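Engineer: Quick one: the structure is below, and I'll ask about it shortly.
The values are calculated or read from the model by the stated rules, or taken from the named source; none is laboratory data. Being a predicted model, the structure only gives us computed values, none of them experimental. As a convention, Cβ positions derive from the backbone with ideal geometry for all residues, glycine included, and neighbour counts pool all protein chains shown.
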Amino acid sequence: MWSGEYSFVLQNLVLKDFRIRYRNMSLGIFWSLLNPLVMMAVLTFVFTVVIPNRQPQFPLFLLCGLVPFNFFTIGWISGTTSLIDNANLIKRVPFPREIIPVASVLSNTLHLLIQIALLLGFALWYGKGVNIHWLWLPVVWVLEVILVCGMALVFSGLNVYTRDIRYLVESASTVLFYLVPIFYFPADSPKFAFVYQYNPLAAVVFALRFILMEGIAPPASLMWRLSIGSMLMLGIGFLVFRKLKVGFYNHL
Amino acid sequence: MGAIQFQHVSKIFHRHTGQKLIRHHFRDWFRRDEEHDFYALKDVSFQIADGENVAVVGRNGAGKSTMLSLVCGLGAPEKGTIEVNGKIAALLELGSGFHHDLTGLENIYLNASLLGFSRARTKQLLDSIVEFSGIGEFINEPLRTYSSGMVLRLAFSVALNLEPEILIIDEVLAVGDQAFQEKCFEKIFEFRHSGKTLLCVSHSPAILLQLCDRALWLDHGELMMDGKVADVLQAYAGHTVSP
């Protein structure tokens, strides 16, 4: 019935979010940098001064974890509430509903780009020169965006039916902070390897460390796990969403 | 084949659909109460042919807006079938889809894309939309600086220029000033003359008599009467006066 252009709607919704967020914010970009910098400073202090560790260039090690983690949680949470936030639109205009959570995730990519710039800046600062393996970076980031879109589709749909899903998601992101090896070394606890072995977000972190810290290409097995995990999540997202969207009108 | 066809359509809201928390789901598992079912529409059947101009009248809460939402495909009926043929443009609520922090121009793009315009078509129509709205310089100002009349004009300009086959208007005509209303009527008449379908909700008999030939009267979700607009309006007026 709806015969519009998906990319055109997506573009306008993402632009809308950008404009609303950054138009009235003279320090807009600065705010995107503040959070990871504070987290990095605190964690660096705790794990180098309070509890010393053997990891050289610890701030860079942290950022490789913090930047993808931040994007994941912000995208997941804002995606989860996106349908409720746009309830009046959904009740009044018959366009494909999938666009809303996807646009919500994509509108966090500007934020992500700024943080990536920070991460790359730190890599250069620590004397990690640009090399051919940096070509893997866009692949890794795109796969993470795909992963978050899948999560947003599932949880935004559920949140329409049960409004406290968003609080579960918020708590889950806190737990996730410890399930992804952001500030510790997976090699230290091989017993718990299963926690991050099949976790696509952990795969993003590992891949970034291979590329930026060791200057080598991420192993193929890691990239396979990441690709399959992300694509699977997106597929599940669309399937679940299609089931759920039938009842949106009654529940919004 | 008609433009819009309703066959024994019922739209049921359970008392507890709507905003739920986890505890509400638990409660529902334990007791399932059918008695709280609310029929927003009850066994409604009608057929609207291509090119008809139909008014929908009824008290607040009679099911008019629910019916229009179903025609637009926003929700699905619990019982019965609905068939709609043709591209719809709906003005269900003043400026739904508009954002007050975006400028008029940005809102045109956003709204046009949501309503189903392509990128190229929007660019083509942009000038005529802006011109029709008569908003002038304000088009580059954020929407929050607009009066409600200006928002209406913008919303109308987008929807009317979409060249839909079915136009749906829900009680929004009353906001614009005399001059813009006349401009809208002119456009709607033009729309009628090109053989397209109009579905219109209003509490103003004058507007309905002017725009429509036929009327549907809904009361408590049931179709009370379906006939010539003057007859239906008369019966409806008599019904509301005498209790």
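Engineer: Tell me whether the range B:43-63 contains one or more residues that are within 14 Å of chain A (Cβ to nearest Cβ) and under 17 Å from the mean Cα position of the chain (by Cα).
Structural biologist: Among the residues of the range B:43-63, not one is within 14 Å of chain A (Cβ to nearest Cβ) and under 17 Å from the mean Cα position of the chain (by Cα), which makes the answer no.
Engineer: Say whether the condition of being under 22 Å from the mean Cα position of the chain (by Cα), closer than 22 Å to residue A:2 by Cβ and in contact (Cβ under 8 Å) with a residue 40 or more places away in the chain is met by at least one residue in the range B:131-154.
Structural biologist: Yes: one or more hits.
Engineer: Hey, can you tell me all the residues within the range B:59-96 that are hydrophobic (A, V, I, L, M, F, W, C), more than 21 Å from residue B:191 (Cα to Cα) and in a helix (DSSP H, G or I)? Lay out the reasoning, then the answer.
Structural biologist: Filtering the range B:59-96 down to residues hydrophobic (A, V, I, L, M, F, W, C) leaves B:62, B:67-68, B:70-72, B:74, B:76, B:82, B:84, B:88-92, B:94.
Subset that is more than 21 Å from residue B:191 (Cα to Cα): B:62, B:67, B:70, B:74, B:76, B:82.
Answer for the range B:59-96, where residues must be hydrophobic (A, V, I, L, M, F, W, C), more than 21 Å from residue B:191 (Cα to Cα) and in a helix (DSSP H, G or I): B:67, B:70.
Engineer: Another question, then. What residue, of B:114, B:110, is under 16 Å from the mean Cα position of the chain (by Cα), within 9 Å of chain A (Cβ to nearest Cβ) and not in a loop (DSSP other than H, G, I, E, B)?
Structural biologist: Values: B:110 fails: under 16 Å from the mean Cα position of the chain (by Cα).
None of the others qualify; the one that does is B:114.
Engineer: Restricting the search to the range A:90-106, which residues are touching a residue at least 12 places away in the same chain (Cβ under 8 Å), in a loop (DSSP other than H, G, I, E, B) and at the interface with another protein chain (Cβ under 7 Å from one of its Cβ atoms)?
Structural biologist: Residues of the range A:90-106 touching a residue at least 12 places away in the same chain (Cβ under 8 Å): A:90-91, A:94-106.
From the residues that got through so far, the ones that are in a loop (DSSP other than H, G, I, E, B) too are A:94-98.
Across the range A:90-106, the qualifying residues are A:94, A:95.
Okay, residues lined up against (1) closer than 23 Å to residue A:43 by Cβ; (2) in contact with a Cys (Cβ under 7 Å, 6 or more places away or on another chain); (3) in a helix (DSSP H, G or I); (4) aliphatic (A, V, I, L, M):
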| position | (1), (2), (3), (4) |
| --- | --- |
| A:168 | no, no, yes, yes |
| A:178 | yes, no, yes, no |
| A:192 | yes, no, yes, no |
| A:195 | yes, no, yes, yes |
| A:210 | yes, no, yes, no |
| A:216 | no, no, no, yes |
| A:222 | no, no, yes, yes |
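Engineer: Please count how many residues of the range A:31-72 are of a type in the set (Ser, Thr, Tyr) and surrounded by fewer than 19 Cβ atoms within 10 Å (Cβ to Cβ). Outline the logic, then answer.
Structural biologist: Keep residues of the range A:31-72 that are of a type in the set (Ser, Thr, Tyr), which gives A:32, A:44, A:48.
With the extra rule that they be surrounded by fewer than 19 Cβ atoms within 10 Å (Cβ to Cβ), the set shrinks to A:44, A:48.
Number satisfying all stated conditions: 2.
Engineer: Something else: Counting just the residues of the range A:155-164 that are surrounded by fewer than 22 Cβ atoms within 10 Å (Cβ to Cβ) and not hydroxyl-bearing (Ser, Thr, Tyr), which one comes out modelled with the highest pLDDT?
Structural biologist: So in the range A:155-164, the residues surrounded by fewer than 22 Cβ atoms within 10 Å (Cβ to Cβ) come out as A:158, A:161-164.
Of the ones still in play, those that are also not hydroxyl-bearing (Ser, Thr, Tyr) are A:158, A:163-164.
On the way: A:158: 94, A:163: 88, A:164: 88.
Taking the candidates together, the pick is A:158.
Engineer: Using beta carbons and a limit of 7 Å, which pairs, at least six apart or on different chains, have the first residue in the range A:161-183 and more than 13 Å from chain B (Cβ to nearest Cβ) and the second one surrounded by fewer than 17 Cβ atoms within 10 Å (Cβ to Cβ) and outside any helix (DSSP H, G or I)?
Structural biologist: none
Engineer: Within the range A:64-73, is even one residue part of a helix (DSSP H, G or I), in contact with an Asp or Glu (Cβ under 8 Å, 6 or more places away or on another chain) and within 14 Å of chain B (Cβ to nearest Cβ)? Walk me through how you get there before you give the answer.
Structural biologist: The first filter runs over the range A:64-73 and keeps only residues part of a helix (DSSP H, G or I), leaving A:64-73.
Right, trim to in contact with an Asp or Glu (Cβ under 8 Å, 6 or more places away or on another chain) and you get A:68, A:71-72.
After this cut, where a residue has to be within 14 Å of chain B (Cβ to nearest Cβ) as well, the list is none.
No: zero hits.
Engineer: If I filter the range B:13-58 down to residues being basic (Lys, Arg) and either surrounded by fewer than 12 Cβ atoms within 10 Å (Cβ to Cβ) or in a helix (DSSP H, G or I) (or both), which single residue comes out as modelled with the lowest pLDDT?
Structural biologist: Of all residues in the range B:13-58, those basic (Lys, Arg) come to B:15, B:20, B:23, B:27, B:31-32, B:42.
So of that shortlist, the ones also either surrounded by fewer than 12 Cβ atoms within 10 Å (Cβ to Cβ) or in a helix (DSSP H, G or I) (or both) come out as B:15, B:23, B:27, B:31-32.
Working: B:15: 66, B:23: 77, B:27: 72, B:31: 67, B:32: 62.
Checked the range B:13-58; the qualifying residue modelled with the lowest pLDDT is B:32.
Conditions (1) within 11 Å of chain B (Cβ to nearest Cβ); (2) modelled with pLDDT under 85, marked per residue:
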position	(1), (2)
A:11	yes, no
A:14	yes, no
A:21	yes, yes
A:25	no, yes
A:29	no, yes
A:40	no, yes
A:52	no, yes
A:59	no, no
A:62	no, no
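Engineer: When you look at residue A:146, is it crowded, with 18+ Cβ neighbours inside 10 Å, within 25 Å of residue A:205 (Cβ to Cβ) and in contact (Cβ under 8 Å) with a residue 40 or more places away in the chain, yes or no? Spell out how you get there, then give the answer.
Structural biologist: On the way: crowded, with 18+ Cβ neighbours inside 10 Å: yes; within 25 Å of residue A:205 (Cβ to Cβ): yes; in contact (Cβ under 8 Å) with a residue 40 or more places away in the chain: yes.
So residue A:146 fits the description; yes.
Engineer: Conditions first: (1) free of Cβ contacts under 8 Å to residues at least 60 places away in the same chain; (2) over 19 Å from the mean Cα position of the chain (by Cα); (3) within 30 Å of residue B:105 (Cα to Cα). Residue A:48 passes all but one, so which condition is the exception?
Structural biologist: Condition not satisfied by residue A:48: (3).
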